[in-house]
Amino acid sequence: MSEFSNYKIATLGSHSALQILKGAKDEGFSTICVAEKGRLKPYQSYKVADEFIEVDSFKDYFSIEKQIIKANAIVIPHGSFVAYLGFQNVQKVKAMYYGNKKILEWESDRTKEREWLEKAGLKLPKIYKDPKEIDRAVIVKYDGASGGKGYFIANNQAEFNDGINQYAKGRKQTTQEYIVGVPIYVHYFYSPLNKELEVMGFDVRYESNANSIGRIAARDQLTADIRTSYTVTGNIPIVVRESLLPKIFEMGESIVKVAKKLTGRELFGPFCLEGVIDPNLDFYIFEISARIVAGTNPFINGSPYTWLRYNEPMSTGRRIARDIKMAIEDDKLEKVLG
Ligand code: AMP
Ligand code: AMP
């Protein structure tokens, strides 16, 4: 049995780092926060980081990677990690890295992502390749985790062109059928050690200005000429109707299996299916995040679902640290490294 205290846990100071570092400490690990200069305060104030490595920008990760390797630290990727490094650069990470790196290629490209979701048998919104074909409300989105900034709604080709000129010049976009229903994000965790899929919780994003338009009367919305945008500012926890759970487990299990067919390896650790449930209770999935999502942040002390299973505070960050700890103690660390 190897000693887990020979290892440290490191992550970039943003997104879900508070939770990741706190979870690591709760499991007994020493922690490293790679922080941008002038942005250390939260990690100091909440006492989650034992050490800091300062950088001018997260993009400089590779210039400090030697220090991470020397510290024998395992890097935990999150939304900022992938957003600032880019998925191609993540492949070049030499430090110990928690997660399936190969799957990021399938996550970052919307065509490949769709193939993955389709192969898993999930219901997806229709895609419009040619704006001439727009025959209903559509949402125009961009690649990567950009937090919904500049997405727009169009009902026909003219509105589409107008939106592209305003928001999307030169950006690679995808046009999807707009599903009228409620958005729900499912937080999963799959451990390659016990081969079990867990549903950790659910959230919905708090988006500006989408979440505030309903605060003024329709008449005022029209005169103010508002365009809907989805800039994420925070996350709100949700519990779902219990009868939806069997289907939600099935969807997650299918995603894990198909990832193995695509990359030769299961998807493991935390991941999230993002979609909308319509009034017929059909769950349309428009995106997958193959890593921890910030929507798990309301559950630093555990969610109603993790409470059912663990009877102790179990955040997704802590669940990651526990997986790593168990892997080290069983001499199976390679099972959780990408
Ligand atoms: P940041 O470090 O805040 O710039 O975020 C990095 C990436 O993660 C961006 O693409 C954000 O849109 C995304 N992100 C950050 N926080 C959240 C959140 N609370 N919910 C969803 N996505 C987020
Ligand atoms: P995303 O960045 O893909 O998570 O999308 C940002 C927001 O846009 C989501 O929280 C949803 O409210 C909304 N959204 C995205 N795609 C769709 C869709 N196909 N139908 C309805 N709403 C969507």
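For the criterion of being open to solvent by 30 Å² or more (accessible area, probe 1.4 Å), away from ligand 1 (no atom under 13 Å from the Cβ) and among the aliphatic types (A, V, I, L, M), V186 fails. Being assigned to a loop (DSSP other than H, G, I, E, B) and closer than 28 Å to K247 by Cα holds for only one residue in K101, K112, and it is K101. Residue count for segment 225-239, restricted to those that are surrounded by 13 or more Cβ atoms within 10 Å (Cβ to Cβ) and over 23 Å from the mean Cα position of the chain (by Cα): 2.
Residue selection: A321 fails the criterion of being under 18 Å from the mean Cα position of the chain (by Cα) and either under 23 Å from T231 (Cα atoms) or among the basic types (K, R) (or both). Taken residue by residue, segment 240-254 has no member that is of a type in the set (A, V, I, L, M), in contact (Cβ under 8 Å) with a residue 12 or more places away in the chain, exposed (fewer than 14 other Cβ atoms within 10 Å of the Cβ) and within 16 Å of ligand 1 (Cβ to nearest atom).
Scanning segment 286-324 for residues that are open to solvent by 10 Å² or more (accessible area, probe 1.4 Å), more than 16 Å from ligand 1 (Cβ to nearest atom) and of a type in the set (D, E) yields a single hit, E312. If the condition is being open to solvent by less than 30 Å² (accessible area, probe 1.4 Å) and within 18 Å of the chain's Cα centre (by Cα), then segment 255-268 contributes I255, V256, A259, L267, F268. Filtering segment 189-224 to residues that are open to solvent by less than 70 Å² (accessible area, probe 1.4 Å), part of a strand (DSSP E or B) and among the charged types (D, E, K, R) leaves E198, D203, R205, E207.
Summed over segment 258-287, the residues that are in a strand (DSSP E or B), more than 10 Å from ligand 2 (Cβ to nearest atom) and either within 24 Å of G86 (Cβ to Cβ) or of a type in the set (K, R) (or both) give a count of 4.
Selection of segment 25-62 for residues being outside any helix (DSSP H, G or I), within 22 Å of the chain's Cα centre (by Cα) and more than 29 Å from Q88 (Cα to Cα) yields only V48. Would you say E65 is part of a strand (DSSP E or B) and either open to solvent by 80 Å² or more (accessible area, probe 1.4 Å) or free of Cβ contacts under 8 Å to residues at least 40 places away in the same chain (or both)? For E65, the condition - part of a strand (DSSP E or B) and either open to solvent by 80 Å² or more (accessible area, probe 1.4 Å) or free of Cβ contacts under 8 Å to residues at least 40 places away in the same chain (or both) - is not met. Listed by first and then second residue, the pairs with beta-carbon distance under 7 Å, at least 6 apart or on different chains, first residue in segment 210-222 and under 17 Å from F152 (Cβ atoms), second among the β-branched types (V, I, T), are A210/T228; I213/I226; I213/T228; Q221/I213.
Counting just the residues of segment 164-183 that are closer than 17 Å to R136 by Cα and touching a residue at least 60 places away in the same chain (Cβ under 8 Å), which one comes out farthest from ligand 1 (Cβ to nearest atom)? Taking the candidates together, the pick is V180. The residue list I127, I139, I164 contains one member that is surrounded by fewer than 19 Cβ atoms within 10 Å (Cβ to Cβ), closer than 16 Å to S229 by Cβ and at pLDDT 85 or above, which is I164.
Assess whether Y98 counts as being aromatic (F, W, Y), open to solvent by less than 10 Å² (accessible area, probe 1.4 Å) and in contact (Cβ under 8 Å) with a residue 60 or more places away in the chain. For Y98, the condition - aromatic (F, W, Y), open to solvent by less than 10 Å² (accessible area, probe 1.4 Å) and in contact (Cβ under 8 Å) with a residue 60 or more places away in the chain - is met.
The values are calculated or read from the model by the stated rules, or taken from the named source; none is laboratory data. As the structure is a computational prediction, the values presented were derived from the model and not from experiment. Positions of Cβ are backbone-derived with ideal geometry, glycine not excepted, and every protein chain shown enters the neighbour counts. Accessible surface is based on the protein model in full, side chains and every heavy atom, while ligands, DNA and RNA are left aside. Shrake-Rupley method; radii C 1.70, N 1.55, O 1.52, S 1.80 Å.
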